[in-house]
Amino acid sequence: MSTFNLPPQLVFHGNGGTYSPHGTITSEDHGPAIVAFSWIFYSLTSLTVLARLITRRNLVPDYWCLLIAWVLLTLESVSIHLAANNGMGRHISSLSSDKYDAYSRAFYASQTLTVLIVALAKISYLTIFVRLLAESSGQRKTTRQLCVGLIVVVALWAFSISLALALQCRVPHPWRFLANTCIDQRALYYFTGVFDIVTDLVLVALPPVIVATIQLETSVKVTVVAIFGTRIIVPVFTIVELSLLPQYLGRGDPTWYSVTLTIWAQAACNMSLLTACLPSVKPFLNMLQFSLIDCSTLPFSAPSGSCAEVSPLYKSDGSTLVSDRNTNTSTPTRYPYESDDNVKSSPLRTGG
């Protein structure tokens, strides 16, 4: 049996214990609960992500972010399962040092993967705005620049936090959280969570700002804000997760108290990715993109500003037909989020 330095009150006395039948939650083993929640969350998120990806002939940047995040989510879910198989949900005193070491490795891997998944979900979400506002000017151009800046900030945050998590305890065994060789984990975890919450609140606030600058029916504006606003649930989950940190860090039984904490962390991580998929539904993007186009760039006469000001030219359901009453020709218009293959099939058209 391998050993390593532990505080006296945390020296292992168990030999691994007797585990309950697979998938059975008992008073001494809550591990199956996190396994069940983790894979349920994963299944729902996977269905949503794959539904978005298979509808695209070519992947644009935000779809690549979703794809990479989904692959990492798969690895993260496996890591949580392995952590549960090796002691998560059981009292630390019942574990052998080998079991705890295996748990620590898996939980350690899941931490870094979670940060990368959340960061990619945020970047995917922001990239949607960057593409929608590609041809904008004035206030919308400023908003686009803000989105680009936020992408850089989120990327730097993900890199720095991933590095800090990877080195939070002394090498060559940085996953041994109880070896009295770690940095201030409380400060690291709180900083990570607070930054996550603040950036999510900024992402939730962006759509109303953008919608306020375009001419749309009130019902359509409400729909736009509601779809993007679903992300508000993510910081709520993160706040609950942070509220459980003192219990996890301060009671000397991390394998036992990590279950509830991890369930909320899994919920926040999966919802971050899932809500990043909702605004990328093609008819919704078509409608919103058309409303943001500067009419002076289109081959027909219309007032300056948003094309949505020309009421006959758009429908709120996204199946828009744009007509130039002075011509008898119809040609497709390419939008910033569309590839060459998608232009022919776009429901947005200009011409007669």
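Read the figures in this text as sums done on the coordinates, not as results from a lab. No experiment lies behind these values; they were computed from the predicted model shown. Methodologically, a virtual Cβ is constructed for each residue, glycine included, from the backbone with ideal geometry; neighbour enumeration extends over all protein chains shown.
Here are some notes:
- Sorting 114-126, 241-253 by their mean Cβ neighbour count within 10 Å, with the most densely packed peptide first, gives 114-126, 241-253.
- Protection-proxy order for peptides 159-170, 89-100, 259-270, each taking the mean of Cβ atoms within 10 Å per residue, highest first: 259-270, 89-100, 159-170
- Formal net charge of residues neighbouring Thr255 (Cβ-Cβ distance under 10 Å; K, R +1; D, E -1): +1
- Using Cβ point charges alone (K and R +1, D and E -1), the dipole size of segment 28-280 about the Cα centre works out to roughly 620 debye.
- With a Förster radius of 56 Å applied to the C-beta separation of Gln139 and Glu28, the computed FRET efficiency comes to 0.40.
- Table column - 3J(HN,Hα) (Hz), segment 209-223, Karplus curve with 6.51, -1.76, 1.60, x for Gly and Pro: 5, 5, 4, 5, 8, 10, 8, 9, 4, 4, 4, 5, 4, 4, 5
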